[in-house]
Amino acid sequence: MRGTLRRVVPRLLLPATAVYQRWRPGIRILMYHRVVRGLPQDQLTVSPERFEEQMAVLARTRRVMSLADAALALGSGERQAGAVVVTFDDGYRDNLTVALPILEKYRIPATIFVTTDFCDQVSSHPRYGERAAGLHLNWDEVRELLRSPLISIGSHTVSHPYLQRLDPEAARREIGESRRRIEARIGRPVEFFCYPSGDFGEREMRYVQEAGYRAAVSVAPGLNRRATPRYALRRTEVTDRDGARELRAKLHGAFDPLHALLHARRRREFDARRLGVPNGEIAS
Ligand SMILES: [Zn+2]
């Protein structure tokens, strides 16, 4: 059912959303996690071939900008037709070994949001459990990424918690301490934050601002415009199912209504299960 919806609805909506987006342009921030071969069942993983196909589409058809330039552009209020930003969550090692060479080939900038405990190699994303040895970037590898002028590093907290379940002190520490730790390791400012599992509310937005970040990204779908809250920027997830045609439809906003419905359901699940969901059950 969902597969059929996913094929049919965007095709029907594409003409209308493409026109709407031309009328009201904005910046689309894409969300990736892993780029690696051999995990087709994992919706957070895109194969190297698929990733290259997607980067080729972006390079050919879009103005791809860094998250820093996007934040500036959003602040200036100038119209951003066809602008796209690429981001990665969690700090997987394959971002360096597989994704970076492809990003460099197509000259595409990207921001990678790292979780400091993962870089310290004291824990890893619970989704991957025991297979996790060598899964995440260590600090040497984070610095190696930064040798490319295309890459910037953002914060994805210290331990990847559901932030809204923490008491104020713990939530502040996850947000502020991760920034300080990353800055100490890489020797440059960390300007952007990414909420683990997209779990945040007004309180978290305030803490992120107080910690000195310029902006934060969520998993709410859609385009970013001047009026989009700076600490709740929207993102569009790209998956291995997105060939060139699907990706173009996604860039034109044809998946946004479907994603908005799925996102609303996910927020309701978050709210209903806030006190009982095991960590890692919900992606990103
Ligand atoms: Zn994450």
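The values are calculated or read from the model by the stated rules, or taken from the named source; none is laboratory data. Model, not experiment: these values are computed from the prediction. Glycine also receives a Cβ, built like all others from the backbone with ideal geometry; neighbour counts cover every protein chain displayed. The area values use the complete protein model at the heavy-atom level, side chains included, leaving out ligands, DNA and RNA. Shrake-Rupley method; radii C 1.70, N 1.55, O 1.52, S 1.80 Å.
Cβ-Cβ distance below 8 Å, separation of 6 or more or different chains: which pairs start in the range 89-104 with a residue that is within 13 Å of E49 (Cα to Cα) and modelled with pLDDT of 95 or more and end on one that is within 15 Å of the ligand (Cβ to nearest atom) and not β-branched (V, I, T)? Sorted first by the residue in the range 89-104, then by its partner, the pairs are A99/Y32; A99/F88.
Checking the conditions here, which among P149, P161 is within 24 Å of A71 (Cα to Cα), within 20 Å of the chain's Cα centre (by Cα) and not in a helix (DSSP H, G or I)?
Numbers: P161 fails: within 24 Å of A71 (Cα to Cα).
One residue alone meets the criteria, P149.
Do the conditions hold for S178, that is, is it among the hydroxyl-bearing types (S, T, Y), open to solvent by less than 50 Å² (accessible area, probe 1.4 Å) and not in a helix (DSSP H, G or I)? Break it down into steps so the answer makes sense when it comes.
Details: among the hydroxyl-bearing types (S, T, Y): yes; open to solvent by less than 50 Å² (accessible area, probe 1.4 Å): yes; not in a helix (DSSP H, G or I): no.
When the stated conditions are applied, S178 does not pass them.
Of the residues screened, S155 is not one that is crowded, with 21+ Cβ neighbours inside 10 Å, modelled with pLDDT under 95 and within 16 Å of the ligand (Cβ to nearest atom). Taken over the range 100-127, the criterion of being under 16 Å from the mean Cα position of the chain (by Cα), of a type in the set (A, V, I, L, M, F, W, C) and within 16 Å of the ligand (Cβ to nearest atom) is satisfied by A110, I112, F113, V114.
Based on what the data block shows, is T4 polar (S, T, N, Q) and within 16 Å of the ligand (Cβ to nearest atom)?
Numbers: polar (S, T, N, Q): yes; within 16 Å of the ligand (Cβ to nearest atom): no.
Against the criterion (polar (S, T, N, Q) and within 16 Å of the ligand (Cβ to nearest atom)), T4 does not qualify.
For the range 194-213, enumerate the residues that are buried (at least 16 other Cβ atoms within 10 Å of the Cβ) and either in contact with a Phe, Trp or Tyr (Cβ under 8 Å, 6 or more places away or on another chain) or in a helix (DSSP H, G or I) (or both). Outline the logic, then answer.
Looking only at the range 194-213, we keep the residues that are buried (at least 16 other Cβ atoms within 10 Å of the Cβ), and these are 194-200, 204-205, 207-209, 211, 213.
Correct list: C194, P196, S197, G198, D199, E204, M205, Y207, V208, Q209, A211, Y213.
Filtering the range 250-280 to residues that are modelled with pLDDT of 75 or more and touching a helix residue (DSSP H, G or I) at 6+ places or on another chain (Cβ under 6 Å) leaves H252, G253, A254, F255, L258. In summary, R60 fulfils each of the numbered conditions (1) under 19 Å from the mean Cα position of the chain (by Cα); (2) at pLDDT 95 or above; (3) open to solvent by 10 Å² or more (accessible area, probe 1.4 Å) with the single exception of condition (1). Just wondering, is there one or more residues in the range 22-40 that are in contact with a Leu (Cβ under 7 Å, 6 or more places away or on another chain), crowded, with 21+ Cβ neighbours inside 10 Å, of a type outside the set (G, A, S) and part of a helix (DSSP H, G or I)? Scanning the range 22-40 turns up no residue that is in contact with a Leu (Cβ under 7 Å, 6 or more places away or on another chain), crowded, with 21+ Cβ neighbours inside 10 Å, of a type outside the set (G, A, S) and part of a helix (DSSP H, G or I). Kindly provide the set of residues from the range 79-98 that are more than 16 Å from the ligand (Cβ to nearest atom), on the phi < 0 side of the Ramachandran plot and not in a strand (DSSP E or B), ordered by number. R79, Q80, A81, L96, T97, V98, listed by residue number. For the range 43-61, the condition of being outside any helix (DSSP H, G or I), in contact with a Phe, Trp or Tyr (Cβ under 6 Å, 6 or more places away or on another chain) and within 16 Å of the ligand (Cβ to nearest atom) holds for none of the residues. Considering only the range 1-59, state which residues are hydrophobic (A, V, I, L, M, F, W, C) and touching a strand residue (DSSP E or B) at 6+ places or on another chain (Cβ under 7 Å). If the condition is that a residue be hydrophobic (A, V, I, L, M, F, W, C) and touching a strand residue (DSSP E or B) at 6+ places or on another chain (Cβ under 7 Å), then I27, I29, L30, M31, V35, V36, L39, L44, V46, F51, L58 are the ones that fit.
Scanning the range 188-212 for residues being in contact with a Leu (Cβ under 9 Å, 6 or more places away or on another chain) and over 26 Å from E237 (Cβ atoms) gives a total of 1. The requirement of being assigned to a helix (DSSP H, G or I), buried (at least 19 other Cβ atoms within 10 Å of the Cβ) and within 16 Å of the ligand (Cβ to nearest atom) is fulfilled nowhere in the range 214-236; no residue meets it.
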